[in-house]
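Note sheet for the following structure.
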Amino acid sequence: MRICCIGAGYVGGPTMTVIARKCPDIRVDVVDINAERIAAWNSDSLPVFEPGLEEIVRLCRGKNLFFSTDVDAAIDAADIVFISVNTPTKTYGYGAGSASDLRFVESCARKIAEVSRSGKIVVEKSTLPVRTADVIRQILSSTGMEFQVLSNPEFLAEGTAVRDLESPDRVLIGGDEDTEEGRSAIDELAGIYARWVPEDRIIKTNLWSSELSKLTANAFLAQRISSINSISALCEATGADVEQVARAVGSDTRIGSKFLNSSVGYGGSCFQKDLLNLIYLCEHFNLPEVALYWRGVVEINAYQKRRFAEGVIDSLYRNICGKRLAIFGFAFKEDTNDTRESPAIDICRLFLNERAQLAVFDPKVSKKQILADLNVEEGDPRVEFCASPYEAAEKAHAIVLLTQWKEFKNLDYKKIKSAMATPAWIFDGRNCLDHRLLGELGFLLRGIGKGNLS
Ligand code: NAD
Ligand code: UGA
């Protein structure tokens with residue numbers, strides 16, 4: 001059997017690597033139009049940082065895992081073609097700022113129709129608006145060959161992609177349950193996953209349920225974060241501690257303890273875009289009350305980022321002009337080099353508007369990426385890219401922790417404090433540091449939802 005995956009990004013790369021590892025008898029071709037990205041997948045410096053990924057790529061690459069720009073040949077030779085391309089929020093025309101931009105997905109469907117000399121199973125791996133499979137089916141039907149379209153959304157989280165793929169909570173496969181061909185395509189894909197995923201974790205549904213479940217899962221996850229973040233504001237106003245509240249609330253097994261960490265707001269390429277897409281669909285199907293309900297989740301997230309940045313400015317006597325702020329972490333979460341929709345971007349831009357000087361350290365994000373995200377030229381004195389957290393903190397008025405990289409917990413804060421301006425502030429946007437210890441060292445502190453800490 002041969003598998004082709006169109007799109008060698010954060011999903012296509014890791015997902016196909018794990019399939020190749022688990023199924024040595026299947027040849028997996030990952031193709032992309034981005035030659036630089038493919039070259040990186042074929043080098044020692046992979047374009048995606050994920051713990052454990054490099055080792056597996058090294059084991060499979062060149063054996064049954066191949067990265068290439070030869071999209072046409074790989075599609076034609078495949079029995080199963082995964083579409084794993086980007087589906088960003090549309091920035092133009094109808095639905096701008098809300099609907100999904102499906103041009104990349106559509107061009108994949110057209111490419112499959114154009115170059116295939118036999119029918120295949122086509123799998124939606126990208127996150128898509130409900131009923132997109134209809135579009136793909138229509139395009140493929142023009143070939144007169146037998147294609148089956150399946151929905152198999154991906155639930156991996158960045159930073160834990162390999163673990164999530166090797167041991168998923170569930171694998172979801174949607175297909176045409178009403179026909180024998182549809183059921184057999186679902187079973188064929190399920191058979192691949194069943195090599196390492198217990199069968200009771202493989203959920204089979206119709207196409208529309210599968211497509212909608214992915215958007216709903218992300219909406220529910222984002223909703224939990226906005227819920228706890230909304231309560232963090234109330235904690236700060238009342239002296240309650242959001243971590244204590246989250247623990248008390250989350251120990252109810254009906255609620256559960258995960259995804260209740262209050263923060264500077266969620267980031268990442270998907271929560272925002274998938275929520276906006278869900279809102280767009282609700283509006284499209286004339287369900288304004290439902291759209292409004294989910295809109296609140298997005299608004300609380302924007303509010304939380306603003307609220308945090310304003311808290312920093314307030315604490316520094318409402319004046320950060322010319323003050324050096326050490327930014328600890330720029331990625332949208334720990335263990336990834338991804339900065340898409342990172343809260344750090346909006347927060348740093350607010351600081352730059354106030355004419356602060358930023359000294360940024362992130363263990364995995366490149367200088368080029370940080371400058372691009374902040375829209376700042378190389379050499380601009382307002383943003384310094386630092387090689388260590390110690391360098392960033394030198395002469396800084398405050399440390400602003402935005403990503404919960406583990407290494408931030410175990411720094412020599414005594415040494416850091418002695419190199420900082422006085423008073424030395426720490427704004428812990430992830431509540432991940434030992435506040436009691438830092439208080440003893442003489443730092444002024446502010447966490448998220450931590451009552452009157454300082
Ligand atoms: P990405 O931007 O990292 O990768 C997409 C790749 O597709 C790019 O390299 C791009 O060059 C390539 N591409 C676009 N059009 C192409 C074409 N016509 N032919 C060949 N290649 C093409 O995106 P991603 O983060 O991997 O996300 C892909 C999809 O998976 C999105 O729909 C996203 O919502 C979904 N998803 C992402 C995550 C995540 O953690 N990033 C998790 C679950 C689901
Ligand atoms: C998320 C989902 O967890 C995945 O299941 C999904 O497949 C993926 O989106 C997607 O569709 O792209 P990801 O965005 O990679 O994965 O990472 P998460 O761990 O969900 O974190 C998202 C954001 O929420 C991060 O900024 C994180 O710091 C923040 N977060 C997370 C909190 O602020 N509090 C929490 O309790 C958890």
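Gap in Å between the Cα centre of the stretch 75-127 and the Cα centre of the stretch 289-332?
35
Taking the Cα-to-Cβ direction at residue 203 and at residue 436 and moving 7 Å from each Cα, how far apart do the two end points lie in nm?
Each label point is offset 7 Å from its Cα along the Cβ direction, giving 4.1 nm.
For all pairs of alpha-carbon atoms in the stretch 24-95, what percent lies in each bin of width 5 Å, listed from the first bin to the last filled one?
3, 14, 21, 22, 18, 10, 6, 3, 2, 0
Once the Cβ-Cβ distance between residue 244 and residue 54 is put in as r, and R0 is 35 Å, what FRET efficiency do you end up with, to the nearest 0.05?
On the way: r = 39 Å, r/R0 = 1.12.
The computed FRET efficiency comes out at 0.35.
Could you compute the net charge surrounding residue 157? Neighbours are other residues with a C-beta less than 15 Å from the C-beta of residue 157; K and R count +1, D and E count -1. Mind dumping the intermediate values first?
On the way: positive: 163, 170, 214, 224, 258, 333, 340; negative: 50, 154, 158, 164, 166, 169, 274, 334, 335, 338, 341.
Within the 15 Å Cβ shell, the charges total -4.
Take each of the peptides 91-97, 274-280, 333-339, 133-139, average the number of other beta-carbon atoms within 10 Å over its residues, and list them starting from the highest. Mind showing how you got there, number by number?
Values: 91-97: 10.6, 274-280: 23.3, 333-339: 21.4, 133-139: 17.6.
In decreasing order of mean packing, 91-97, 274-280, 333-339, 133-139 become 274-280, 333-339, 133-139, 91-97.
Angle check, please: helix 132-141 long axis (alpha carbons) against the longest principal axis of the chain (alpha carbons), in degrees 0 to 90, nearest 10.
It works out to around 30 degrees.
Where the accessible area of the chain is counted over protein heavy atoms with a 1.4 Å probe, how much of it, in %, is carbon and sulfur? Could the numbers behind the result be given before it?
Numbers: 10170 of 20600 Å².
Exposed carbon and sulfur together represent 49 percent of the surface.
With a/c under 1.5 counting as rounded, go ahead and sort the chain into rounded, prolate or oblate using the C-alpha gyration tensor (a ≥ b ≥ c being the square roots of the eigenvalues; past the cut-off, prolate if a/b is larger than b/c, else oblate). Present the calculation step by step, with values, prior to reporting the outcome.
Values: a/c = 2.10, a/b = 1.74, b/c = 1.21.
Prolate is the answer for the chain, as a/c is 1.5 or above and a/b outweighs b/c.
Considering only protein heavy atoms, what per residue accessible area in square angstrom results for the chain with a 1.4 angstrom probe? Could the numbers behind the result be given before it?
Numbers: 20600 Å² over 454 residues.
For the chain, the solvent-accessible area averages 45 Å² per residue.
The stretch 388-454: percent of C-alpha pairs farther apart than 13 Å?
Working: 1317 of 2211 pairs.
Above the 13 Å cut-off, the stretch 388-454 has 60 percent of its Cα pairs.
What's the angle, to the nearest 10 degrees (0 to 90), between helix 12-22's Cα axis and the longest principal axis of the chain?
On a 0 to 90 degree scale, this one is about 60.
Based only on Cα atoms, what mean projected area does the convex hull of the stretch 160-286 have, in nm²? Mind dumping the intermediate values first?
Numbers: hull surface 43.0 nm².
If I average the Cα hull's projected area over directions, I get 10.7 nm².
Residue separation times 0.36 nm, minus the C-alpha to C-alpha distance between residue 255 and residue 73: what's the value? Write down the numbers at each step before the final one.
Values: separation 182, 0.36 × 182 = 65.52 nm, distance 4.88 nm.
Working it through step by step, the gained length comes to 60.6 nm.
What's the FRET efficiency of residue 349 with residue 321 using the Cβ-Cβ distance as r and R₀ = 22 Å, to the nearest 0.05? Intermediate results must be reported in sequence, preceding the final value.
Working: r = 15 Å, r/R0 = 0.70.
Using R0 = 22 Å, I get an efficiency of 0.90.
Give the peptides 347-354, 286-293 in descending order of average Cβ contacts within 10 Å, highest first. Before the final figure, lay out each step's value.
Numbers: 347-354: 19.0, 286-293: 12.4.
Highest to lowest by the protection proxy: 347-354, 286-293.
What does the net charge come to around residue 322 if you take all other residues with beta carbon closer than 13 Å to its beta carbon, with K and R at +1 and D and E at -1?
On the way: positive: 323, 324, 355, 382, 395; negative: 354.
Here the count lands on +4.
What is the ratio of the Cα radius of gyration of the stretch 339-435 to 2.2 N^0.38 Å, with N the residue count, to two decimals?
Normalised by 2.2 N^0.38 Å, the Cα Rg of the stretch 339-435 equals 1.04.
Taking a label point 7 Å from the Cα of residue 44 along the Cα→Cβ vector, which residues of the stretch 52-76 have an amide N closer than 11 Å to it?
Zone members listed by number: none at all.
At what distance in nm do the modelled label points of residue 61 and residue 137 sit from each other, each positioned 7 Å from its Cα along Cα→Cβ?
3.9
Say R0 is 41 Å: what FRET efficiency, to the nearest 0.05, do residue 194 and residue 387 get from their beta-carbon distance? Don't jump to the answer; show the numbers that get you there.
Details: r = 47 Å, r/R0 = 1.14.
For residue 194 and residue 387, the calculated efficiency is 0.30.
For residue 115 and residue 237, calculate 0.36 nm times their separation in residues minus their Cα-Cα distance, and state this gained length in nm to one decimal.
Details: separation 122, 0.36 × 122 = 43.92 nm, distance 6.14 nm.
Length gained between residue 115 and residue 237: 37.8 nm.
Taking only the alpha carbons of the stretch 79-193, what extent do you get along each of the three principal axes, in Å, biggest first?
Result for the stretch 79-193: principal-axis Cα extents of 38, 38, 26 Å.
Report, in debye and to the nearest 20, how large the dipole of the chain comes out about its Cα centre when Lys and Arg carry +1 and Asp and Glu carry -1 on their Cβ.
Values: 54 positive and 62 negative charges, 256 e Å.
The calculated dipole for the chain is roughly 1220 debye.
Under the rule of -39500 (n - 2.57) per DSSP H run of 4 or more residues, summed and divided by the residues of the chain, what mean residue ellipticity at 222 nm is obtained, to the nearest 500 deg cm²/dmol? Let's see the in-between values first.
Values: 17 runs with 196 residues, N = 454.
The helix-only estimate for the chain comes to -13500 deg cm²/dmol at 222 nm.
Hey, what angle do you get for helix 271-284 against the long axis of the chain, alpha-carbon based, 0 to 90 degrees rounded to 10?
The helix 271-284 is inclined about 60 degrees to the chain.
Counting only DSSP beta bridges with both residues in the chain, what percent are antiparallel, rounded to the nearest 5?
On the way: 3 of 49 bridges.
About 5 percent, rounded to the nearest 5.
Looking at 67, 149, 165, which one has the Cα that reaches farthest to the positive end of the dipole of the stretch 56-166 (charges on Cβ: Lys, Arg +1; Asp, Glu -1)?
67
The values are calculated or read from the model by the stated rules, or taken from the named source; none is laboratory data. What you see is a predicted model; the values in this text were computed from it and never measured. Methodologically, a virtual Cβ is constructed for each residue, glycine included, from the backbone with ideal geometry; neighbour enumeration extends over all protein chains shown. Please note that ligands, DNA and RNA were not included when accessible areas were found on the heavy atoms of the full protein model with its side chains. Shrake-Rupley method; radii C 1.70, N 1.55, O 1.52, S 1.80 Å.
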